[in-house]
Amino acid sequence: MNGAESNAALSPSSYVPLHEADARRELARQVTLVELLDRILDRGVVISGEITLAVADIDLVEVGLLAVIASIDRLATLSSSANGNGRCSTSTA
Amino acid sequence: MLYLYGLIEDRPVPMVAGICGAPITTSVCGDLAAVVSEHEELDLAPTEPKLWEHESVLEKLMEQGPVLPVRFGVTFANTEAVRRELEPRHEGLAAALERVRGRVEVSVRVLEHSASLPVPRRNGASSLGPGQRYLRARLERRRGAIEIAERIRQELLPLVVEERPGTPMAPGTLLASSYLIDASQLEAFRARAEVLQSRSGGAVVCTGPWPPYNFTEVDGS
């Protein structure tokens with residue numbers, strides 16, 4: 001569940017076209033982000049302090065969420081065409 | 001102002017940086033404690049790094065005992081305001097903490113396109129035109145995929161304490177459920193998700209352990 005690891009970019013010398021491992025890693029990262037957004041903005045114990053997240057902010061985040069979900073599907077397709085059996089990684093903490 | 005992360009039993013908290021690097025501390029109410037950080041001012045636009053800062057505090061707390069996560073962006077003016085919120089609900093909150101003790105939340109998402117079975121052949125299909133054949137094949141693939149998602153769900157349920165079905169938001173998502181499981185079952189759950197994934201040829205993505213965001217209802221609230 002660490003957001004940092006996922007940002008590891010390939011250095012130019014090691015760059016290879018997106019293939020199975022990259023697609024899988026990226027898929028797991030994207031799904032993890034969707035799961036985080038889904039929980040952190042909308043779930044949890046109901047505590048009525050001052051809630052500073054404006055409705056407009058949530059709308060914006062939801063637009064982003066849908067974009068992410070759309071790209072998951074594309075990535076999963078890449079992943080499955082890369083290795084022929086559609087496996088993608090099980091993300092771990 | 002105090003920024004709130006979650007609720008725990010009153011215990012020392014680890015040295016962890018919260019939102020914007022501020023150290024976390026507790027605001028105690030009986031045997032419960034609100035985990036907070038103090039800020040002069042705070043910009044709470046929900047950026048990805050800020051969301052992860054909130055999340056990582058909860059994950060650290062979760063390693064040491066039960067925690068009730070609070071959603072992003074909740075603040076209080078001061079300790080007194082926190083206490084006013086917690087005191088009348090003390091009993092329910094304590095019970096909610098008990099419910100998640102020793103347990104974690106995991107999420108399972110099944111994506112459609114690659115979760116589909118070979119399309120069953122039907123007699124008489126040859127009498128259909130190409131357009132009808134295409135649509136029928138698509139429908140059958142969709143049905144097959146939904147069946148697979150349900151089978152995956154059934155195989156996971158024996159390892160689960162509680163289930164919270166999510167609403168699949170995107171057209172390609174067949175299942176997006178959250179499960180409360182005993183922490184001791186985490187490895188077994190992951191292993192089974194791996195097996196299901198390779199067996200179905202599908203995209204089964206299991207994430208977690210998460211703080212139990214989906215299992216925090218307080219009775220009577």
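The values are calculated or read from the model by the stated rules, or taken from the named source; none is laboratory data. No experiment lies behind these values; they were computed from the predicted model shown. Cβ atoms come from the backbone with ideal geometry, glycine included; neighbour counts cover every protein chain shown. These area figures cover heavy atoms from the full protein model, side chains too; ligands, DNA and RNA do not enter into them. Shrake-Rupley method; radii C 1.70, N 1.55, O 1.52, S 1.80 Å.
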I'd like to compare B:130-140, B:59-69: which one has the highest average count of other Cβ atoms within 10 Å, and what's the full order after that?
B:59-69, B:130-140
Normalising by the residue count of chain B, find the relative contact order in percent from Cα pairs under 8 Å and 6+ residues apart.
24 percent
How much accessible area is lost when chains B and A come together, counting both sides, with a 1.4 Å probe, in Å² rounded to the nearest 100?
4200 Å²
Cβ-defined net charge surrounding B:ARG71, 12 Å radius [Lys, Arg +1; Asp, Glu -1]
-1
For chain B, just list the percent of Cα-Cα distances falling in each 5 Å bin from zero outward, please.
1, 7, 13, 14, 14, 12, 10, 8, 7, 5, 3, 3, 2, 1, 0, 0
Accessible area per residue, Å², chain B with all protein chains present, probe 1.4 Å:
47 Å²
Looking at the square roots a ≥ b ≥ c of the eigenvalues of the Cα gyration tensor of segment B:9-103, which shape do they give, rounded for a/c under 1.5, prolate if a/b is larger than b/c, or oblate?
oblate
Once neighbouring chains are kept in place and the probe is 1.4 Å, which whole percent of the accessible area of chain B is contributed by carbon and sulfur?
52 percent
Relative to the longest principal axis of the C-alpha atoms of chain B, give the angle of the C-alpha long axis of helix B:130-156, reported between 0 and 90° and rounded to the nearest 10°.
40 degrees
If the chain between B:GLU194 and B:GLU91 were fully extended at 0.36 nm per residue, the gain over the current Cα-Cα distance would be 33.1 nm
State whether segment B:55-106 is rounded, prolate or oblate according to the following rule on the C-alpha gyration tensor (a ≥ b ≥ c being the square roots of its eigenvalues): a/c under 1.5 gives rounded; otherwise a/b larger than b/c gives prolate, and the remaining case gives oblate.
oblate
Considering only DSSP beta bridges whose two residues both sit in chain B, what percent are antiparallel, to the nearest 5?
100 percent
Checking a compactness column here: for segment B:1-40, what do you get for Rg(Cα) / (2.2 N^0.38 Å), N being the number of residues?
1.08
Let me have the 222 nm mean residue ellipticity of chain B computed from DSSP H runs of 4+ only, each contributing -39500 (n - 2.57), with the sum over all residues rounded to the nearest 500.
-11000 deg cm²/dmol
To test your reading of the geometry: what angle, between 0 and 90 degrees and rounded to tens, separates the Cα axis of helix B:90-99 from the longest principal axis of chain B?
40 degrees
